[in-house]
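The values are calculated or read from the model by the stated rules, or taken from the named source; none is laboratory data. As the structure is a computational prediction, the values presented were derived from the model and not from experiment. As a convention, Cβ positions derive from the backbone with ideal geometry for all residues, glycine included, and neighbour counts pool all protein chains shown.
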Amino acid sequence: MIVTKKALARRTLLRGIGASLALPLLDSMIPAFAAADAATPIKRLGVVYVPNGMTMKEWTPAAEGADFEFTPVLKPLESHRDRMLVVSGLNSTPPPEQSNAAGVHARASTRFLTDVPPKRSDTSDVEAGISVDQLVAKEFGRETQLASLELAIEGRDLAGSCDIGFSCAYTNTIAWRGAQTPLPMENDPRVVFERMFGNSGSTDRAARLAQIAADRSILDSVTGRIAELRRGIGARDRDKLAEYLEAVRDIERRIQRAEEQSGQQLPFVQQPGGIPAGFEDHVKLMFDLQVLAYQTDLTRVMTFMLGRELSGRTFPELGVVESHHATSHHQNDRTKLENLLKIKVFHSTLFAYYLDKLRSTSDGDGSLLDHSLIMYGAGMADSNLHAPANLPILLVGGGIGQAPGGRHLRFPSGTPLANLHLTLLDRMGVPTVQRIGDSTGRLEHLSLS
């Protein structure tokens, strides 16, 4: 990093017609007198959730410690070994009185970040607990435009595909602002983009299609300000700015292509969403938006669901024509197990794409991945059994702190997942929380003490 005598404001925005473009961290934003503060990087927390359990034999490494070998599901992530902790043995077991109760999928997604079982209710009278991401967001949100972002791939219009006797709110989200406040997850990239950078046009369908035809752009609306900014910054900052602006432009193009396709395929939809038809394209676009949100410090906390529990998605691109949920109840059928493995490897391959982007995006004297802690996992283990024990959990990024990466940590059977959450709160600098859900303490080998 080049420390300068004069600096741009950290919150510099380029404003255009109906849009405001936040900037990434540039060298020109770090004045000489703030060099000491620049040495302390921003902390970020991300959570990526996969539904319908895991193929545990193909997930869990046989060896513990640093000598573990990558299993088929983890293999796509091997290039991130030095920044990775595979965590085994953590449980999300419900209280004894609910151990045989219904709502196993609602419980899996709800307890994943709250550690509190969902109240049985098929109305709006829902109840769980505040999720760990929102505890962090309360702390970090004082410094950012958005306290947090809650994103998903599947929409919320799936009534009937929920646990019987439990509101769909429990399977539609993993983020809870309070005990009675589940946060909606947004799956439309256009909505996310406009939330980040502003809405430059009407939400009316005809107006939006006219905007697409005119190829209007957030970048086009701030072109003059960009040119002015470039003249006042150094060569390294110009390169960094060019890379960032191309990423914004690329995302705009991809959203516009998706909207054009939606307008052709769904002529009666009032507001066609900018949602790509293909699962992979959709996931990558949402991951790219998350990278931009971190890069511009719009938020430091994000949750992302690659699918909702009970997901009926099929994966024809993998040769899997049966729904994900039906496939997850494999009953040890060889074909179903093979298909389920294909889905889980596909998920981890897309997650590797996200990690690659974070690692290749500079942030201060390191990368976004160096200054983030990303949790990846599922709310149940063996999907065929709805197993709440020995959950598949992965921690990636420099945010794991002093605990060396490249290890498989196996904790004693019965260790609550909530203990990991308490430890993550410590890592994020939110140490005032002494208990969450059914926690019994911090995790040894991960604790700051």
- Mind listing just one residue for me: the one in the range 234-244 that is over 17 Å from ASP363 (Cβ atoms) and of a type outside the set (D, E, K, R) and, of those, surrounded by the most Cβ atoms within 10 Å (Cβ to Cβ)? GLY234
- Item | Given (1) crowded, with 22+ Cβ neighbours inside 10 Å; (2) among the aliphatic types (A, V, I, L, M); (3) over 22 Å from the mean Cα position of the chain (by Cα), number of the condition ALA387 does not satisfy | (1)
- Top-ranked residue in the range 123-136 [being under 16 Å from MET302 (Cα atoms) and hydrophobic (A, V, I, L, M, F, W, C); ranked as surrounded by the most Cβ atoms within 10 Å (Cβ to Cβ)]: VAL132
- Message: Can you report the number of residues in the range 341-351 which are β-branched (Val, Ile, Thr) and surrounded by 17 or more Cβ atoms within 10 Å (Cβ to Cβ)?
- Response: 2
- the range 428-449 residues that are farther than 26 Å from GLU127 by Cα and in a loop (DSSP other than H, G, I, E, B), paired with ones that are aromatic (Phe, Trp, Tyr) and at pLDDT 90 or above (beta carbon under 7 Å, 6 or more apart): LEU443/PHE411
- For ARG81, which of the numbered conditions (1) at positive phi; (2) in a helix (DSSP H, G or I) fails to hold? (1)
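Just the residues that are more than 17 Å from ASP122 (Cα to Cα) and over 14 Å from the mean Cα position of the chain (by Cα), please, taken from the range 164-182. Step through it out loud before you land on a result.
In the first step, residues of the range 164-182 are kept if they are more than 17 Å from ASP122 (Cα to Cα); the result is 174-178.
TRP176, ARG177, GLY178, listed by residue number.
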- Query: For the range 321-340, which residues satisfy the criterion of being surrounded by fewer than 19 Cβ atoms within 10 Å (Cβ to Cβ) and in a helix (DSSP H, G or I)?
  - Reply: ALA326, ARG334, THR335, LYS336, LEU337, GLU338
- Among the residues of the range 352-366, is any charged (D, E, K, R), more than 22 Å from LEU298 (Cα to Cα) and surrounded by fewer than 22 Cβ atoms within 10 Å (Cβ to Cβ)? no
- What pairs come up if the first residue lies in the range 295-314 and is in contact (Cβ under 8 Å) with a residue 12 or more places away in the chain, the second is assigned to a loop (DSSP other than H, G, I, E, B) and among the basic types (Lys, Arg), and their beta carbons are under 7 Å apart, counting only those six or more places apart or on different chains? ARG300/LYS43; GLY307/ARG313
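Residue-wise test of (1) surrounded by fewer than 24 Cβ atoms within 10 Å (Cβ to Cβ); (2) among the polar types (S, T, N, Q).
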site	(1), (2)
ARG107	no, no
SER121	yes, yes
LYS138	yes, no
GLN180	yes, yes
- Message: Tell me the residue from GLY441, GLY406 that is surrounded by fewer than 22 Cβ atoms within 10 Å (Cβ to Cβ) and either within 23 Å of the chain's Cα centre (by Cα) or closer than 12 Å to LYS43 by Cα (or both), please.
- Response: GLY406
- When the range 141-150 is examined, which residues are found to be in contact with a Ser or Thr (Cβ under 8 Å, 6 or more places away or on another chain) and either crowded, with 22+ Cβ neighbours inside 10 Å or without any contact (Cβ under 8 Å) to a residue 60 or more places away in the chain (or both)? SER148, LEU149, GLU150
- Item | Residue ID - surrounded by the most Cβ atoms within 10 Å (Cβ to Cβ), chosen from residues in the range 288-316 that are of a type in the set (A, V, I, L, M, F, W, C) and farther than 30 Å from HIS386 by Cα | ALA293
- Go through the range 308-322 and count every residue that is at pLDDT 95 or above and small (Gly, Ala, Ser). 1
- Message: For ALA277, only one of the following conditions fails: (1) of a type outside the set (Phe, Trp, Tyr); (2) assigned to a helix (DSSP H, G or I); (3) without any contact (Cβ under 8 Å) to a residue 40 or more places away in the chain. What is its number?
- Response: (2)
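Being in a helix (DSSP H, G or I) and closer than 20 Å to THR55 by Cβ is the filter here; which residues of the range 371-418 pass it? Outline the logic, then answer.
Step one: of the range 371-418, the residues in a helix (DSSP H, G or I) are 398-400, 417-418.
Passing the criteria: only LEU417.
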